[in-house]
Amino acid sequence: MSSGNQDAKGAEGGDNSNDKKEEGSSNSQGAAGGDNSDSKAGENQNTEKKEEEKKSALFDAFAVSLGLKDEPKIESLLDTVDFNGIVKYIKDGKAKNIITMAGAGISTSAGIPDFRSPETGLYDNLQKYNLPEPTAVFSIDYFKENPEPFFMLARELWPGVFKPTTCHYFIRMLQEKGLLLRHFTQNIDTLESVAGLDPEVCVEAHGHFRTGHCIQCRAEYTQDWMKERIMKPSIPKCEAEECEGVVKPDIVFFGENLPFRFLKCMSEDFGKCDLLIIMGTSLLVQPFASLVNRTQENVPRMYINLENSCPPKLDPIMTVIFGSGFDFDGENNYRDIFWQGTCDDGCMALAEALGWGEELKTLVTTEHAKIDAANPDKCTTSAKKADCTSKEADATPKKADTTPKKTENTPKKSETPKTSDKTPPKPEAATPKATPGSQSKKTPPKKGNGNSTK
Ligand code: OAD
């Protein structure tokens, strides 16, 4: 598979130095200019100023909660808070630093299952591994006790030849048009890279398969080395002297730190973001999900997904502490748009409305033809399972791709592999122990989506 230049060290677990750096960077980010001659005094002043701001925000939030004050009105940057408003905003040149956030739903039409869709999702299909709970297969604690289920699954799901989707190519178009500041993905399928996204632009928040490390001595191994052993089938064991540690691909497990690059880009990018597009994710895994709260308060956010599965806007006090959730149907919604449907359709609808429809179709056709030509005997893992004789098999969207679920707008059971929080963790609190295991327990989403176009 393609190789990006991402720092493989970043995916290593248990390195607290990442945490410290992040704390440092987020503090300095908030600093409003410093006095070089006395940086300590400057730092203190900044801390005091921030504390004052926090107190005042909390005081205001209490006043709003008690009905003593109206919620502050934030001016919308959109002419209309809907799909057309987003299109106009982009057409008017107001979105020059777009951040895209993605999850497994952007790859299901390539034939790769997501995690949580009922029936088709990975977590509904792991019975044969006898796991204490489905997410245990990606839990570092469980892996240390019993790595076999993970490697059995890895054997089945080893990155194969999959074609990026229309959605992936739409993101590439944003990059080519100079509008994409950063793409944050939770996916480990490398399809962003296959689609031609610049590794500098892409942040693989949950790691990748390109390298692996011994969980004991941290010796690094290549993808080919791991693949040879995993496919044998056997459990890859470290070859360093006097070490028999298991070698784990550098995908981030529940209970492990996220790559330092994730923390760095998270701190640096969101202040500059002028449009956030979130696609194909249940937004259930932290700290990734909390990124939606890191833009400035007035920045428009568009969520493209089969279902609205994310937590609704929080009350004023919780908002000060945790950041605001989406407010798709709120009376005072000034920025949140939910587009219900597939990521491919959503991206194509955006492209067409922006006048880029033909360009996107041509890009998809051309790039797919190149992949086909380079892989004449193409047979993906999922196609193999279905019917490897059909060349079309992997291109056929699975059930999860096209049909909005009946469970739409109903909260799913929240999986809590390690810690369970009743409210979304505060981003700053979540990032130091950047563990995807600390999932937010969802509050029931509101019914109806005035802002959905479907
Ligand atoms: P999920 O499976 O939790 O969510 C995928 C979302 O995409 C669901 O809301 C689906 O309804 C939606 N969806 C599926 N197909 C779609 C399509 N074609 N178009 C639009 N929406 C679609 O996957 P993630 O949110 O990516 O972490 O999961 C996050 C993390 O949980 C993963 O990175 C993984 C997992 O545990 C680790 O393993 C560390």
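For the stretch 164-205, the set of residues classified as among the aromatic types (Phe, Trp, Tyr) and closer than 20 Å to Leu258 by Cβ consists of Phe184 only. Which residue is farthest from the ligand (Cβ to nearest atom), if the candidates are limited to the stretch 192-225 and must be at pLDDT 95 or above and among the aliphatic types (A, V, I, L, M)? Here the answer is Ala219.
Selection of the stretch 165-184 for residues being out of contact with any strand residue (DSSP E or B) (no Cβ under 7 Å at 6 or more places or on another chain), away from the ligand (no atom under 16 Å from the Cβ) and outside any helix (DSSP H, G or I) yields Lys177, Gly178. Within the stretch 147-164, can one find any residue that is more than 13 Å from the ligand (Cβ to nearest atom), in contact with a Phe, Trp or Tyr (Cβ under 9 Å, 6 or more places away or on another chain) and without any contact (Cβ under 8 Å) to a residue 12 or more places away in the chain? Within the stretch 147-164, none of the residues are more than 13 Å from the ligand (Cβ to nearest atom), in contact with a Phe, Trp or Tyr (Cβ under 9 Å, 6 or more places away or on another chain) and without any contact (Cβ under 8 Å) to a residue 12 or more places away in the chain. Give me the residue from the stretch 215-240 that is among the β-branched types (Val, Ile, Thr) and in contact (Cβ under 8 Å) with a residue 24 or more places away in the chain and, out of that set, nearest to Ile140 (Cα to Cα). Per the stated criteria, the residue is Ile215. I'd like to verify a number: residues in the stretch 109-146 that are without any contact (Cβ under 8 Å) to a residue 40 or more places away in the chain, more than 30 Å from His368 (Cβ to Cβ) and either within 12 Å of the ligand (Cβ to nearest atom) or not in a helix (DSSP H, G or I) (or both), how many? The number of residues fulfilling the criteria is 6.
The requirement of being under 19 Å from Asn257 (Cβ atoms), touching a residue at least 12 places away in the same chain (Cβ under 8 Å), more than 19 Å from the chain's Cα centre (by Cα) and part of a strand (DSSP E or B) is not satisfied by His208.
Here's the yes/no breakdown for (1) surrounded by fewer than 23 Cβ atoms within 10 Å (Cβ to Cβ); (2) farther than 26 Å from Ile337 by Cβ; (3) in contact with a His (Cβ under 9 Å, 6 or more places away or on another chain):
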site: Tyr89; (1), (2), (3): yes, no, no
site: Ile99; (1), (2), (3): no, no, yes
site: Gly105; (1), (2), (3): no, no, no
site: Thr108; (1), (2), (3): no, no, no
site: Ser117; (1), (2), (3): no, no, no
site: Asn125; (1), (2), (3): yes, yes, no
site: Asp141; (1), (2), (3): yes, yes, no
site: Cys167; (1), (2), (3): no, no, no
site: Ile171; (1), (2), (3): no, no, yes
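If you scan the stretch 173-194, which residues turn out to be within 14 Å of His368 (Cα to Cα) and surrounded by 23 or more Cβ atoms within 10 Å (Cβ to Cβ)? Within the stretch 173-194, Leu191, Glu192 qualify.
Does Leu284 meet the test of being within 16 Å of the ligand (Cβ to nearest atom) and surrounded by fewer than 24 Cβ atoms within 10 Å (Cβ to Cβ)? In short, yes.
The values are calculated or read from the model by the stated rules, or taken from the named source; none is laboratory data. All figures in this text were calculated on a predicted structure; none of them were measured in a lab. Using ideal geometry, Cβ is built from the backbone for each residue, glycine included, and neighbour counts are taken over all protein chains shown.
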